[in-house]
Amino acid sequence: MGKGSKQMRELAKKAPPQIEPGQTENIISNRYYLGLAGIFIVGVFLRLFELARRPLWLDEASTNYLVTQPDLAAVFTAASADHHAPLHFMTIWFVKIFGSSEFLLRLPSAIAGAFTVIVIFFIAKELYNEEAGIISAAFLAFSPFHILYSQEARMYGMVVLFVALAIWMFFRAARTGSLWDWLFFGASCALAFSTHFYSAFVIVALILGYFILRSDEFRIKRTQDGENTIPVSLPHDLKNFLAGLAFAGVLVLPVMGSFFGQSGYFVSRSFNWGLSMWSIPSETFLDFSYYIEFIAILFVCLMLVGFVMIWMQKKQQAVAVAVILFVPMGISLYLSQIIPFNVRYHLYLIVLFLALVAIPLAYLSRKINSRHGALLIIGAILALSIIPLLSYYSAPLQEDWRTFSNNLRETTQPGDNIAPLPWYIYLPLSYYYDNSSDGTFYKNFALDESGFLSLENTTGSVYYVVTWDITAADPTGYSVQYLNEHTAKMPGGVSGILLLKKSHNCFSL
């Protein structure tokens, strides 16, 4: 008896520890968080890789120009004068303390893009489960479209992060009702709005979403005459929700003047570029789906299935998700008739779109294998993304101001004149081309007959640097006609940038 008891004690020492029921969920969660950490590291790498390969284009050079101010107040004023929300530019101002290379100017966007990979995990987790979270994180980490704007010195990467935070905190606060969660939601909305004013439309959709989620908590009692009604109960967290909105309102007060200024600027002008209204949905889903048409069709189908799966669990939440996704897109359709529209303006919708796409795949992953199903799905996403990513990182450079500036240096002589057309392309040109060290002179003039005639008697040769923006800056067509009749095309041009010299030969724009 003693010998048997001793053997049992020895076996007990070698046996694995018992797992309590509550520990199982912790182990599963830890596995997903470790997976998220791995995907985040890959996302960081993809956004920092070749970050400085592409030369700055016009809008990025505009960012560099706006942040060459002596202090933050001046940056705020300059951004407002240029009809932009200031937060991104104020962030870049701090970065410029360390330099103004392409890498440093784009670094805040890259960091914001990488952290969005983490936030989308929590959005999908709130909507469905952790499998959906890890799959949506992989989708975003490998998305060439999201990487593109995470590698650009503009506000788009940063506003996607803040909108993603707002969406996550919206669904979290709707679940918990916590005052702190609603305040965090309000702060995220304020940060998004202060980064890019176009986020106002998703903020409006989120506010509508709250009343949809809480529609069952409004109780109405009719009086005896049956005509007047008074509410007898309100949502349990309405005060906390309103506190979050009030907090956001206070935070955005300093930028409201800029917002109305930008709105007036776009409404009062006419534009001859931008996506047509009915092409916006297809272009949006195509860009969000790795630029592949059949993948876009598949993703849209998965998105619709995701809606249905949420509907089966929580009908109000499904309606709220639809409102948050499609109200901003509907507003974009309308505004495209007034302002020039590009998909990047509502890039922030990608987080909700990919979260919905991930939901049916999360269900499928559990059917395949409860332990390794998500890993298999992520492997398929990686395989799907290889060709789009290779295409992105190896794509020919468009408007290569770096190469063009080197060519211009070799072509010009001291005393020559450089005329950027339109004038604002001086911004990317001057970033790479130092006319003072080259001994040349920049010329700025009106795009009309008197403007071009003002260069007739200048000493030195006149070189025109021309991009397609000339057609937007001069819709009358006079500039193109003049250049056709009085200039010759020089060999120093690159894709998207023409170098012309005053002559009697002609060319075609």
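Scanning region 12-29 for any residue that is among the basic types (Lys, Arg), out of contact with any Pro (no Cβ under 7 Å at 6 or more places or on another chain) and modelled with pLDDT under 90 turns up at least one such residue. Where helices (runs of 4 or more DSSP H) fall entirely within region 270-360, none has at least 1 residues that are in the same structural domain as Leu140 (by TED's automatic domain parsing) and at positive phi.
Tell me which residues, restricted to region 410-460, are of a type in the set (D, E, K, R) and either free of Cβ contacts under 8 Å to residues at least 24 places away in the same chain or closer than 24 Å to Phe103 by Cα (or both). Scanning region 410-460 gives Asp434, Glu456.
Matching residues to (1) within 23 Å of Ser80 (Cβ to Cβ); (2) more than 18 Å from the chain's Cα centre (by Cα); (3) touching a residue at least 12 places away in the same chain (Cβ under 8 Å):
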site: Arg269; (1), (2), (3): yes, yes, no
site: Val300; (1), (2), (3): no, yes, yes
site: Phe307; (1), (2), (3): no, yes, yes
site: Ala318; (1), (2), (3): no, yes, no
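For the condition modelled with pLDDT of 95 or more, more than 23 Å from Leu364 (Cβ to Cβ), in contact with a helix residue (DSSP H, G or I) (Cβ under 9 Å, 6 or more places away or on another chain) and surrounded by fewer than 24 Cβ atoms within 10 Å (Cβ to Cβ), Arg154 qualifies.
For region 422-436, the count of residues that are over 28 Å from Leu148 (Cα atoms), in a helix (DSSP H, G or I) and either assigned by TED's automatic domain parsing to the domain that holds Asp469 or not polar (S, T, N, Q) (or both) is at least one. Scanning region 188-208 for residues that are within 9 Å of Val327 (Cβ to Cβ) and of a type in the set (Gly, Ala, Ser) yields a single hit, Ala205.
Candidates in region 52-74 are the residues that are in contact with a Pro (Cβ under 8 Å, 6 or more places away or on another chain) and part of a helix (DSSP H, G or I); of these, the one that is surrounded by the fewest Cβ atoms within 10 Å (Cβ to Cβ) is Leu58. Contact annotation: residue pairs with Cβ atoms under 9 Å, 6 or more positions apart or on different chains, pairing a residue in region 73-102 that is assigned by TED's automatic domain parsing to the domain that holds Pro254 with a partner that is surrounded by fewer than 19 Cβ atoms within 10 Å (Cβ to Cβ) and of a type in the set (Asp, Glu), are Phe89/Asp82; Trp93/Asp71. Of the helices (runs of 4 or more DSSP H) lying entirely inside region 90-186, the ones with 1 or more residues being more than 30 Å from Ile377 (Cβ to Cβ) and among the basic types (Lys, Arg) are found at 102-127.
Entry remark, region 398-421: residues being in a helix (DSSP H, G or I), under 17 Å from Lys502 (Cβ atoms) and either within 37 Å of the chain's Cα centre (by Cα) or not hydroxyl-bearing (Ser, Thr, Tyr) (or both) number 1 in total.
The values are calculated or read from the model by the stated rules, or taken from the named source; none is laboratory data. Remember, predicted model here, so these are calculated numbers, not experimental data. Reconstructed Cβ throughout: ideal geometry from the backbone, glycine too, with neighbour counts over all protein chains shown.
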